[in-house]
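**Q** Got a structure here, written out as structure tokens. Questions coming.
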Amino acid sequence: MLAQGLRALLAILIGCGGVIGLFYGANLLVERWFPSRAKGRILPWIYLAPAALVLTAYLVLPTVLTVYISFFDKRSQNFVWFTNYLDLLTDNVMWEAFRNNILWLVLVTGVSVSLGLVIAVLADRVRYEPIPKTLIFLPMAISFVGASVIWRFVYDYRPADVAQIGILNAMAVSLGFEPVGWLVERAINNFALIAIMIWLQTGFCMVLLSAAVKGIPEDILEAARMDGANEVQIFWRVIIPMIRSTLVVVATTVIILVLKVFDIVFVMTAGNQGTEVIASRMIKEMFNFRDYGRGSAIAVILLIAIIPVMVTNIRRFREQEATR
Amino acid sequence: MLSTSPKRGYRQPPKGLARFSELLQKLPVHVALVAISLIWTLPSIGLLISSLRPKEAVLDNGWWTVLQHPFDFTQLTLVNYLDVLTAEGMGQAFLNSLTVAIPATVIPIAIATFAAYALAWMNFPGRQWIFITVVALLVVPLQMTFIPVLRAYSALGMAGTFLAVWLAHTGYGMPLGIYLLRNYIGSLPRDLIEAASVDGASHLKIFTKLIVPLSMPAIASFAVFQFLWVWNDLLVALVYLGGTPDVAPVTLKLTNLVGSRGQDWHLLTAGAFVSMVVPLGVFFALQRYFVRGLLAGSVKG
């Protein structure tokens, strides 16, 4: 154990020290060796070079290469045009994955945003506000794998004649029902997985929306009350319209996250019993079937789905820069 | 961030009957909040309690039976933790996670801060375009990069090494780091930086003596976000470290444990808690930075 600890420490020191030494060395070199006029032109690129290098090596080049590989066969030897894409679009399992992903998108986004908003508005009215908010936000710190273990235990199934140790089936049995195989029954297993994601993401939505709700000026709410609006009307007619832009940002964020959902499905069901999603399918094509062409094609489909968000982000950024 | 006074809904504390009627009016709100909090917390409590119970008890009856004798601590034990840390290799995985996560946080911070300073305060052609590229890369799904990078790693013999994961996380965390830090550094007062440069301070001096200390809140937010992201990551570890168990981090180890010991709940619950203890500590200790980093970083690819 001690040797392992030392190895870890050494690895950490080398990793962290290396990068800091790099910058100091490069800067020293430029300061020493270049005339001051050239310095001003070279120095920005020295500061940028490491970032540009890793961005190119890990994001830009691989993205371009993946698009390229997606037009080739399994082992990337023969150019096959759009065969991979056509195969995927006619593949039943892939359609199941698309269908499930849409179900995930609609339910996770819908439920966690609306529940997050309701909790934010309710908690705003009580004195012990931080307690429920902390408890609901806490799952954000837990990894998808950790959350999956937590919920596998909640969903644990045992035959009817043995004591249930999963809390959900224990409740079902005590209410007089048969125990349910939450993760194997095809009618419900997708919902069981989606519930985990809602459990993880509601806190995030709540925190963002709560900040927006608190940003609404008190006198606007007061004016609405003076005009005789009740709390429900205020919620729908005042609060919602005033936090619309935050709602859009939160929903977009959750959508991007859910589009790429992988860990939960991988740990809980490995995509069996009709629970496949796009990202879990990609890992299967890549590792289990060793089909790099189709794996890449799935990744490209994911990217295409995200491009609208990318364009919106860039547009918003340019507006922001124009007003700076 | 999670606690914000002043409160809405009351001006001065009501008295007597008025107070009772207000309580009654708000009763549905209280009930709803307590119910939701309970539903959200029960699964984690179940995990924690089960991880402390002996094997036979965990597998024989539900964890809630402990609550019948809440002060009988003899029904609890630490033996599951000992087993999972030593025999099941979770201790090694814990060290691996630290070895992966610390450099994979420090390296991107250093690189991103330098780049952010250059993008915010140095003049050179193409500055705007580089930053637009960074904004675009922010949401690129990591899945787009796995196959080419893995192939390059295999060709270089780097698959299954710590260096491979450090660099991968550095690349994947870079757009967010640059975006976050450049926005923060760019909003520092112009006079301050110009005054320093008129006084003859070099860029490196301005950077280390002025920019870094002033940007600490943003750096801390990014650090917390990146550390937790790396610690909780399964996908990157699976792709680049998948075949080599002696470098596997806690998430990967726990996933394998679910596969090999799927019904041994006494071990799974303890293992899950071992994997969660660091993020939970960070959550409670650095909540402010945690929330800020999370909000800023939620769009990561």
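**Q** In nm, to one decimal, how far is the modelled label at B:Leu48 from the one at A:Arg316, with both set 7 Å along Cα→Cβ?
**A** In this crude label model, B:Leu48 to A:Arg316 measures out at 3.5 nm.
**Q** Once a ≥ b ≥ c are taken as the square roots of the eigenvalues of the Cα gyration tensor of the stretch A:81-175, is the result rounded (a/c under 1.5), prolate (a/b larger than b/c) or oblate (a/b not larger than b/c)?
**A** Values: a/c = 2.67, a/b = 1.33, b/c = 2.01.
Verdict is oblate for the stretch A:81-175.
**Q** Within 10 Å, at most 14 other Cβ atoms, and a DSSP state outside H, G, I, E, B define an exposed site. Report the longest part of chain A free of exposed chymotrypsin sites (Phe, Trp or Tyr not before Pro).
**A** A:178-288
**Q** Can you work out the PRE-style zone for A:Arg99? Point 7 Å along Cα to Cβ, and I want the residues of the stretch A:151-191 with backbone N under 20 Å.
**A** Correct set: A:182-191.
**Q** Continuing with this model, one more query. Just rank B:Ile147, A:Ile314, A:Ile255, fewest to most, by other beta-carbon atoms within 10 angstrom. Mind dumping the intermediate values first?
**A** Values: B:Ile147 24, A:Ile314 15, A:Ile255 18.
Listing B:Ile147, A:Ile314, A:Ile255 from fewest to most nearby Cβ atoms yields A:Ile314, A:Ile255, B:Ile147.
**Q** Follow-up question, since we're still on this one. I need the helices of chain B that pass two filters: whole DSSP H segments spanning 20 Å or more by Cα along the axis, and mean Kyte-Doolittle score no lower than 1.0.
**A** Values: long enough: B:16-51 (48 Å, 1.24); B:103-121 (27 Å, 1.58); B:162-186 (33 Å, 0.82); B:216-232 (23 Å, 1.25); B:265-285 (29 Å, 1.71).
Taking the DSSP H segments of chain B (at least 20 Å long, mean hydropathy at least 1.0), we get B:16-51, B:103-121, B:216-232, B:265-285.
**Q** Please build a GNM for chain A, connecting alpha carbons under 10 Å apart, and tell me which residue among A:Ile256, A:Ile167, A:Ile264 fluctuates the most.
**A** A:Ile167
**Q** Measure off 7 Å from each Cα along the Cα-to-Cβ vector at A:Leu10 and A:Gln233, then give the distance between these two points in nanometres to one decimal.
**A** 7.4
**Q** Among B:Thr269, B:Thr255, which comes first, then next, by fewest other beta-carbon atoms within 10 Å? Please list the in-between numbers first.
**A** Working: B:Thr269 26, B:Thr255 22.
Going from least to most buried by this count: B:Thr255, B:Thr269.
**Q** Within chain B, which is the longest segment that contains none of the trypsin sites (Lys or Arg not before Pro) sitting in a DSSP loop with at most 15 other Cβ atoms within 10 Å?
**A** So the longest stretch without any such site is B:16-260.
**Q** Still on this structure, I have one more. Just need the relative contact order of the stretch A:197-297 here, percent rounded to a whole number, with Cα pairs under 8 Å and 6+ apart. Spell out each step's value before the answer.
**A** On the way: 52 pairs, mean separation 18.7, N = 101.
Dividing the mean separation by the residue count of the stretch A:197-297 yields 18 percent.
**Q** Computed on alpha carbon atoms, what radius of gyration and Dmax characterise chain B, expressed in Å?
**A** In order Rg, Dmax, the Cα atoms of chain B give 24.8, 78 Å.
**Q** Please identify, among A:Leu302, A:Leu105, A:Leu175, the residue showing maximal mean-square fluctuation in a Gaussian network model of chain A using a 10 angstrom Cα cutoff.
**A** Comparing A:Leu302, A:Leu105, A:Leu175 in the GNM, the peak value goes to A:Leu175.
**Q** I want to verify the translational diffusion coefficient of the protein assembly as shown in µm²/s; compute it with Stokes-Einstein, Rh as the Kirkwood radius over Cα pairs, at 10 °C and 1.306 mPa s.
**A** 60
**Q** Among A:Gly271, A:Met242, A:Ala299, which residue has its Cα positioned farthest towards the positive end of the charge dipole of the stretch A:221-304, with +1 placed on the Cβ of Lys and Arg, -1 on the Cβ of Asp and Glu, and the dipole taken about the Cα centre?
**A** A:Ala299
**Q** How many angstrom separate the Cα center of the stretch A:46-72 from the Cα center of the stretch A:133-182?
**A** So the separation of the two Cα centres works out to 42 Å.
**Q** Is the C-alpha gyration tensor of chain A telling us rounded, prolate or oblate? Criteria: a/c under 1.5 is rounded; beyond that, a/b larger than b/c is prolate, otherwise oblate. Walk me through the numbers before you get to the answer.
**A** Values: a/c = 1.67, a/b = 1.19, b/c = 1.40.
Verdict is oblate for chain A.
**Q** Then there's this: Would you list B:Ser97, A:Ser245 from fewest to most Cβ contacts within 10 Å? Please list the in-between numbers first.
**A** Values: B:Ser97 26, A:Ser245 9.
Ranked by crowding around the Cβ, least crowded first: A:Ser245, B:Ser97.
**Q** How much net charge surrounds B:Ser50 when only other residues with a Cβ under 13 Å from its Cβ are counted (Lys, Arg +1; Asp, Glu -1)? Don't jump to the answer; show the numbers that get you there.
**A** Working: positive: A:Arg152, B:Arg53, B:Lys55; negative: A:Asp156, B:Glu56, B:Asp60, B:Asp264.
It works out to a net charge of -1.
**Q** Given the DSSP H assignment, sum -39500 (n - 2.57) over each helix run of at least 4 residues in chain B and divide by its residue total; what's the result at 222 nm in deg cm²/dmol, nearest 500?
**A** Numbers: 15 runs with 208 residues, N = 301.
Mean residue ellipticity, 222 nm, calculated: -22000 deg cm²/dmol.
**Q** State which entries of A:Lys39/B:Lys209; A:Lys260/B:Lys55; A:Lys74/A:Lys260; A:Lys284/B:Lys253; A:Lys214/B:Lys26 exceed 26 angstrom in Cα-Cα distance in the structure shown.
**A** A:Lys260/B:Lys55
**Q** Now, a different point. Please compute the contact order of chain A in relative form: average sequence separation of alpha-carbon pairs under 8 Å and at least six residues apart, divided by the residue count, as a percent. Before the final figure, lay out each step's value.
**A** On the way: 307 pairs, mean separation 80.2, N = 324.
The normalised contact order for chain A reaches 25 percent.
**Q** About the Cα centre, and with charges only on the beta carbon of Lys, Arg (+1) and Asp, Glu (-1), how big is the dipole of the stretch A:175-324? Nearest 20 debye, please. Provide the component values of the computation, followed by the final result.
**A** Numbers: 14 positive and 13 negative charges, 120 e Å.
In total the dipole reaches around 580 debye.
**Q** Here is a follow-up. Any idea what the relative contact order of chain B is, in percent, if you count C-alpha pairs under 8 Å spaced at least 6 apart?
**A** Numbers: 280 pairs, mean separation 92.3, N = 301.
Across chain B, relative contact order equals 31 percent.
**Q** Then there is this: Rank A:Thr66, A:Gln320, A:Ile46 by how far each Cα sits towards the positive end of the charge dipole of chain A (+1 on Lys, Arg Cβ; -1 on Asp, Glu Cβ) and give me just the farthest.
**A** A:Ile46
**Q** Amide H neighbours of A:Phe72 under 5 Å, at least 5 residues apart or on other chains, H built in the peptide plane: list them.
**A** Sorted by chain and number, the residues that satisfy this are A:Val80.
**Q** Could you give the size of the charge dipole of the stretch B:92-297 about its Cα centre, using +1 on the Cβ of each K and R and -1 on the Cβ of each D and E, expressed in debye and rounded to the nearest 20? Please list the in-between numbers first.
**A** Values: 10 positive and 6 negative charges, 31 e Å.
The dipole of the stretch B:92-297 has a size of about 140 debye.
**Q** Please check which bits of the stretch A:65-103 a label hung off A:Arg186 would reach, taking the label as a point 7 Å along Cα-to-C-beta and the cut-off as backbone N under 19 Å.
**A** Label zone hits: A:90-103.
**Q** Turning to a different aspect of this structure: Name the residues of the stretch B:46-65 whose amide N is less than 18 Å from a point 7 angstrom out from the Cα of B:Leu78 along the C-beta direction?
**A** So the set is B:48-55.
**Q** Oh, and also: Can you check what the net charge comes to around A:Ala38, using other residues whose Cβ is under 15 Å from the Cβ of A:Ala38 (Lys, Arg +1; Asp, Glu -1)?
**A** Details: positive: A:Arg32, A:Arg37, A:Lys39, A:Arg41; negative: A:Glu31.
Its environment carries a net charge of +3.
**Q** Determine the shielding of peptide B:94-104 by partner chains: average, over its residues, the number of Cβ atoms on other chains within 10 angstrom of each Cβ. Please report the intermediate quantities before stating the final value.
**A** Values: counts 2, 7, 4, 1, 5, 9, 4, 1, 7, 9, 2.
What the average comes to for B:94-104 is 5.
**Q** According to a simple spin-label model (label point 7 Å from Cα along Cα-to-Cβ), what is the distance in nm between A:Lys39 and B:Ala18?
**A** About 7.1 nm separates the two model spin labels.
**Q** Rounded, prolate or oblate for the stretch A:2-69? Axes are the square roots of the Cα gyration tensor eigenvalues, ordered a ≥ b ≥ c, and the cut-off for rounded is a/c under 1.5.
**A** On the way: a/c = 5.37, a/b = 1.15, b/c = 4.67.
In terms of gyration-tensor shape, oblate.
**Q** Among A:Glu96, A:Glu31, A:Glu178, which one moves the most in a GNM of chain A with springs linking Cα atoms closer than 10 Å?
**A** Of A:Glu96, A:Glu31, A:Glu178, the Gaussian network model singles out A:Glu31 as fluctuating most.
Bear in mind that the values in this text are calculations on the coordinates, not laboratory data. Because the structure is predicted, anything quoted here is derived from the model rather than measured. Note that each Cβ is placed from the backbone with ideal geometry, even for glycine, and that neighbours are counted across all protein chains shown.
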